[in-house]
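The values are calculated or read from the model by the stated rules, or taken from the named source; none is laboratory data. The structure displayed is predicted, hence computed values, not measured ones. All Cβ positions, even for glycine, are placed from backbone atoms using ideal geometry, and neighbour counts span all protein chains on display. Note: areas computed on protein heavy atoms with side chains; ligands, DNA, RNA excluded. Shrake-Rupley method; radii C 1.70, N 1.55, O 1.52, S 1.80 Å.
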Amino acid sequence: MTAKILDGKLVSQEIRKSLEDEIRKLDPKPGLAFVQVGENPASTIYVNLKHKACQQVGIYSEIHRLPESTEEIELLSLINNLNSRQDIHGILIQLPLPSHINSYRALDSINPLKDVDGLNSVNVGYLHQGRPNLIPATPKGIIRLLSYYEIDLEGKNTVVIGRSNLVGRPIAELMTQKNATVTLCHSRSKSLKDITRNADILISAVGNPRFIKGDMVKQGAIVIDVGISKLEDKIVGDIDSETVSEIASYITPVPGGIGPMTIAMVLENTLEAYKKFNS
Ligand code: NAP
């Protein structure tokens, strides 16, 4: 078997086109503010990519880059200011923040209605109660991609590897809400291979290059690769696509899988926040 590609690039382009068509008719435009503290090069790349994507679909966006030495109180004051602006409908704090800033306090200072990353406690609470408001972009993108390819999730044994607040936990919750039967694994999980080999759907969000090999995957499984790592100047995922493609029925590529879906979902969440603001 050679796995079919779940083409996040293609699907995200379709989503972006439809967002662009909708936003063209809006006046005023939706607005999104990015906040980056420090100079983490990966963060700079991600913020620039999302900023460019906003411009392409017609979302007004601005980037606030603060020095590494920024005090928490200064960051909270900026967020407070963005919360009160009528032209800003979404606020996205790029993680990670420097260690002297409490990330939970920073995320919780965002007005939940403008929390387009869905990471503040109010939105996390809503999500886990099964009545989501703004859903974190990466897990939302995974669900959207599976739905685009009409993959039935009901009753499917789903194994999620990684339990971060950003990806692992919310995707496990969303898959549960889609009636999948979910096992959430992490670095202390024992006999990982025995667990993954039972997965109809395997979602890996670890950040360990190519660590899922073909012998860890059930024949015909659907394999979602969230991981992004740099290996010998190449961007690779958690999945060893060479061996896994022979076993799986569907696989997401890296790059071109969950990455572009995540960006599309940030844009969609901004439009969603805008609509709620104006309703
Ligand atoms: P994270 O916060 O570092 O979490 C990694 C998770 O992997 C942790 O729960 C950790 O377990 C688990 N883990 C580590 N080694 C393991 C092992 N050997 N076996 C099983 N589990 C293991 O990372 P994250 O923010 O969720 O991101 C994960 C990856 O996804 C990264 O490569 C990141 O760059 C990528 N990412 C991509 C996108 C995208 O748009 N495509 C978006 C977000 C993140 P413990 O909890 O026990 O430590």
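Structure notes:
- Filtered residue count, the range 223-233, keeping only those that are at pLDDT 95 or above and open to solvent by 20 Å² or more (accessible area, probe 1.4 Å): 2
To keep it simple, each residue is scored yes or no on (1) open to solvent by 50 Å² or more (accessible area, probe 1.4 Å); (2) within 14 Å of the ligand (Cβ to nearest atom); (3) free of Cβ contacts under 8 Å to residues at least 60 places away in the same chain.
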residue: Q219; (1), (2), (3): yes, no, no
residue: E242; (1), (2), (3): yes, no, yes
residue: S245; (1), (2), (3): no, no, no
residue: P253; (1), (2), (3): no, yes, no
residue: T262; (1), (2), (3): no, yes, no
residue: M265; (1), (2), (3): no, yes, no
residue: N278; (1), (2), (3): yes, no, yes
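- Taken over the range 182-206, the criterion of being part of a strand (DSSP E or B), touching a Lys or Arg at 6+ places or on another chain (Cβ under 7 Å) and either surrounded by fewer than 21 Cβ atoms within 10 Å (Cβ to Cβ) or at pLDDT below 95 (or both) is satisfied by L184 alone.
- The residue that is nearest to the ligand (Cβ to nearest atom), among those in the range 143-156 that are open to solvent by 30 Å² or more (accessible area, probe 1.4 Å) and not small (G, A, S), is R144.
- Across the range 157-172, the qualifying residues are those that are in contact with a strand residue (DSSP E or B) (Cβ under 8 Å, 6 or more places away or on another chain) and in a helix (DSSP H, G or I), and the one among them that is most open to solvent (accessible area, probe 1.4 Å) is R169.
- Any helices (runs of 4 or more DSSP H) falling wholly within the range 27-142 and containing at least 1 residues that are open to solvent by 30 Å² or more (accessible area, probe 1.4 Å) and basic (K, R): 41-57, 103-108
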